[in-house]
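Here is the structure we will look at, set down as structure tokens.
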Amino acid sequence: MNTIHKLTEYFSKLPGIGPRQSKRFVYFLLSRDNVFLEELSKLIISLKKDVSICRSCFRYFPSNHNTSTKICDVCSNKNRDNSVLMIVEKDSDFENVEKTNTYNGFYFILGGTLPILERDPNKKIRIIELMKKVESNRKENKLAEIIIATGLSTEGENTKDYLVSKLKPISEKNKIKLSLLGRGLSTGTELEYIDTETIKNALQNRH
Ligand SMILES: [Zn+2]
């Protein structure tokens, strides 16, 4: 197999990219100069080294080489409201909610969604880590509300139902409010594609 084919295969593994698009990427790269290609390769190689995963919310953040901190800037921000925790599917959803400037609590990144009838949820989402975090925040007596902010795709809805079933006992027992984003978001949409105003409304109308 030649390099064009090999690279096409790699690009087609990217989310949302089909074989036709991935071939277009390859020909685009061929049309660029060496500086562009070298810079791109360097960035790909250093990605894992320069980015860490937060031990508290599990989001990716730029690591600081001078310190050994494993907690991101949001989780370590003392000005944020530690009584509210929002659960989102992925990093891009977190970024989209942050952009609205209306939410000042903390986050938890699930790392995916749950397919219908999934037998082993642990393999698809960070449910064990989430339950641990909720439990430890509860023990410190600082958790008043958990917002489930999964998308409105079929898997997103399924994930929401699963999270409600897992979190309901702990929420009822400890008087922690369990809320969902307000309607107005259209079915099938992922949080990362929703515009700022709609997210603001969905947050204000959470129930
Ligand atoms: Zn964090």
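The values are calculated or read from the model by the stated rules, or taken from the named source; none is laboratory data. Keep in mind that what you see is a predicted model, and the values were worked out from it rather than measured. Cβ sites come from the backbone with ideal geometry, for glycine too, and all protein chains shown count toward neighbours. Remember, those area values only see protein heavy atoms, side chains included, never the ligands or the DNA or RNA. Shrake-Rupley method; radii C 1.70, N 1.55, O 1.52, S 1.80 Å.
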Contact order relative to length for the chain, counting C-alpha pairs under 8 Å separated by 6 or more residues, stands in percent at 15
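Taking every eigenvalue of the Cα gyration tensor of segment 6-107, multiplying by 5 and rooting it, what semi-axes result, largest first, whole Å? Display every interim value, and only then the final one.
On the way: eigenvalues 236, 65, 25 Å².
After scaling each eigenvalue by five and taking roots: 34, 18, 11 Å.
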Rounded to the nearest 10 Å², the 1.4 Å probe accessible area of residue 154 is 100
Put 24, 206 in order of accessible area, largest first, probe 1.4 Å, and you get 24, 206
Expressed in Å to one decimal, the Kirkwood Rh of segment 52-101 from all distinct alpha-carbon pairs is 11.9
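Stokes-Einstein D for the chain at 4 °C, 1.567 mPa s, Kirkwood Rh over Cα pairs, in µm²/s?
Values: Rh = 19.2 Å.
Value of D from the Cα-based Kirkwood radius: 67 µm²/s.
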Full extension between residue 32 and residue 82 adds, at 0.36 nm per residue less the Cα distance, a length in nm of 13.2 nm
Note to self, the chain gives a 222 nm [θ] from helices alone (DSSP H runs n ≥ 4, -39500 (n - 2.57) apiece, / all residues, nearest 500) of -14000 deg cm²/dmol
Among 97, 88, 35, the residue with the largest mean-square fluctuation in a Gaussian network model of the chain built from Cα contacts under 10 Å is 35
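Taking all protein chains in place and a 1.4 Å probe, what share, in percent, of the accessible surface of segment 8-84 do carbon and sulfur account for? If you can, show how the numbers build up before the last one.
On the way: 3430 of 6010 Å².
Taking all protein chains in place, segment 8-84 shows 57 percent carbon and sulfur surface.
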Here segment 20-77 gives, from Cα atoms, an Rg and Dmax in Å of 16.4, 44
GNM of the chain, Cα pairs under 10 angstrom: of 142, 166, 23, the biggest fluctuation goes to 23
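Arrange the residues 1, 131 by how much accessible surface each exposes, largest first, with a 1.4 angstrom probe. Show your work: numbers first, answer last.
Details: 1 145, 131 50 Å².
In descending accessible area the options line up as 1, 131.
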per DSSP, antiparallel bridges as share of beta bridges in the chain, % nearest 5, sits at 20
To the nearest 20 debye, the chain has a Cα-centred charge dipole, built from +1 on Lys and Arg Cβ and -1 on Asp and Glu Cβ, of 600
In segment 117-207, taking the dipole from +1 charges on Lys and Arg beta carbons and -1 charges on Asp and Glu beta carbons about the Cα centre, the listed residue (141, 194, 162) farthest towards the positive end is 141
